[in-house]
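The block underneath contains the structure these notes are about, expressed in C-alpha cells.
FYI, it's all coordinate maths here, none of it is from the lab. Note that this is a predicted model, so its numbers are computed, not measured. Methodologically, a virtual Cβ is constructed for each residue, glycine included, from the backbone with ideal geometry; neighbour enumeration extends over all protein chains shown.
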Amino acid sequence: MCAFLDVEPEAAVVQRAFMRARSARGSGDYKVTFTSSVERGSIGRGKRLPVQMIPPPLLGAVNEKLGALGYGAIDQSWNVAPVDGGERADGPDGWRAKLAGLLDGARPHTLAGECAIGSFALVAQDDERSRWVVDLAVGTVRQGDGEVDCVITGTAEDLVLLITGQVNVGVLRRVSRLARPRPTEELIVDRGEAGGRPPAVRWRGAGPFPAAVSRTRRIWLRRPDRLRVEVHLGNRLVRLGVLRGGRWWRWDAFRGTDSSEVVEEERRAWGVPPLLDPPLLEPLRLLLALRLTAAGRTVRAGREVLCAHARPRGPVEPAGTAVHEFEFDAQHGTILRHAVIEQAGPVSVTEAVLVSYEAEIESERFVFVAPDGGSGRSVDAAAAAQRAADRS
C-alpha cells in the first residue's frame with residue numbers, strides 16, 4: 001500500500017488505522033470496528049458470495065470495474081466453477097480432500113423406516129468427482145451415483161461446513177448456498193481404469209428432472225386424536241398412516257409397517273411422523289417461516305377461501321426465492337391450496353378436490369390394517385420424540 005501511495009513504508013500505520021476505526025461512524029464495513037489486524041481467512045472465499053444476491057445494476061457495475069482491471073466477469077457460474085489454484089482446490093487441506101476425508105468410511109446410523117427419506121446424494125457443484133450416496137436404510141456411505149430419494153448440492157466447502165456442523169442448513173438455504181441442482185441432459189461416459197474403477201455412465205449434474213407426478217392424498221380427521229391419511233399413486237395405495245389416541249401406525253409400499261406411541265410434552269405431541277402431521281391442518285405454523293400478504297377471495301371445492309401470497313421471513317431474501325400461494329378455508333382456516341412457484345414456473349401444486357367438515361366418519365376408518373398383511377415393528381417412542389424435537 002505504501003508503495004502504491006509512493007510513501008515510505010511504516011509498520012505501525014496499519015495498527016493505527018485499526019485503532020482509529022474503533023470509533024468509525026457512517027457507511028462502510030461494520031465488521032472493521034471489531035477487527036484489529038489484516039486477516040487472510042477470507043482470501044479465496046469470494047465464491048461463497050451467492051451471485052443471485054447481487055442486484056443486477058450492482059453486478060453490472062462490478063463487472064465493468066473487473067474488466068478494466070483485467071479480471072474475468074462474474075456470471076451465474078460464479079459459485080460452481082472450480083476454484084483456480086490447485087493448492088486450495090486439490091491440496092491436502094483443500095475442501096475436496098476434507099469432504100472425502102469426512103465421508104470415506106463413514107457409517108451413519110441405520111434409520112430404516114424412521115425418517116421421511118431412505119437415501120440421499122451429496123453432490124459438490126464445483127467438483128464432478130465429489131459425489132456420494134448416503135443410504136439411511138442400511139447405514140452406508142459410498143462414492144459415486146445411484147438412485148436416491150433426494151439430492152443435496154452445494155460447493156465442497158458448503159458440504160464440509162454442513163456435515164461438521166459449522167453452519168446451519170437454514171443459513172445456507174437462506175443465502176442460496178444450497179439449492180436444487182440444475183437439470184441437465186448431458187451424459188458423461190467414464191471408461192474406468194484397467195484393473196481399477198469399472199466403466200460407468202452418468203448424468204452431468206442432477207440429470208434431467210423427472211416428469212410431473214400426480215398423487216392423491218385422502219385425509220379423515222376426528223378431533224382431538226383420530227387421523228387417517230392415505231396416499232395414492234394412480235389407483236395404487238403407496239402410503240398409509242393412522243393416528244388413534246396415544247399411538248400411530250404407518251405403512252408404505254417399500255418399507256412395510258412401523259408404529260410407536262406418541263410422547264406428550266407441554267401439550268405438544270412429539271414423535272409423530274410427517275405423514276400424520278400435515279401442515280394443512282395447522283396453518284398457524286406458516287407464520288413462523290413465511291410472511292403472508294392477502295390476495296383476495298375465491299372459491300375452492302365449493303368452499304369460500306381467502307387467498308394469500310407468501311415469502312420466506314428473514315432480513316435478506318435471495319434473488320430467485322420461490323413464491324408460495326395459499327388458499328385458506330374462510331370458516332375453518334384449513335389450507336385448501338398451496339402452490340410453490342419459482343422463476344421457471346410452478347414446482348408443486350396441492351389442491352383440495354373434495355372437502356366436507358360435517359360428514360360422519362365411521363370408527364373403523366381409524367383402525368389400522370397393513371395392506372400387505374404385515375405386523376411391522378415398533379419404533380422407540382423416546383428416540384422418535386427426540387428426533388422430532390431436534391427438527392423443530
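Under a crude label model (7 Å from the Cα following the beta-carbon direction), how far is R129 from M19 in nanometres?
Spacing of the two 7 Å Cα→Cβ label points: 5.0 nm.
Count charges around I361 for me, please; just the other residues with Cβ under 10 Å from its Cβ, Lys/Arg as +1, Asp/Glu as -1.
+1
Please give the peptides 234-246, 126-138, 276-288, 362-374 ranked by average Cβ packing (other Cβ atoms within 10 Å per residue), highest first, as a rough proxy for protection.
Packing order, densest peptide first, comes out as 126-138, 234-246, 276-288, 362-374.
Would you please give the residues with an amide H less than 5 Å from that of R291, counting only those at least 5 places away or on a separate chain, with H modeled from the backbone geometry?
HN-HN under 5 Å from R291: R311, R313.
Test of understanding: what is the full-extension gain from R217 to L58, defined as 0.36 nm times their sequence separation minus their Cα-Cα distance?
That works out to 52.7 nm of additional length.
Quickly rank 293-299, 98-104 as a protection proxy: mean count of other C-beta atoms within 10 Å, highest first.
98-104, 293-299
In a shell of Cβ-Cβ distance under 9 Å around H338, excluding H338 itself, what net charge do Lys and Arg (+1) and Asp and Glu (-1) give?
Residues near H338 contribute -2 overall.
Per 0.36 nm of contour for each residue apart, how much would the distance between F120 and V138 grow if the chain were fully extended, relative to their Cα-Cα spacing?
5.2 nm
Within 13 Å, Cβ to Cβ, of L306, how many net charges do the neighbouring residues add up to if Lys/Arg are +1 and Asp/Glu are -1?
Overall, the nearby charge balance is 0.
Residue separation times 0.36 nm, minus the C-alpha to C-alpha distance between L284 and S363: what's the value?
25.6 nm
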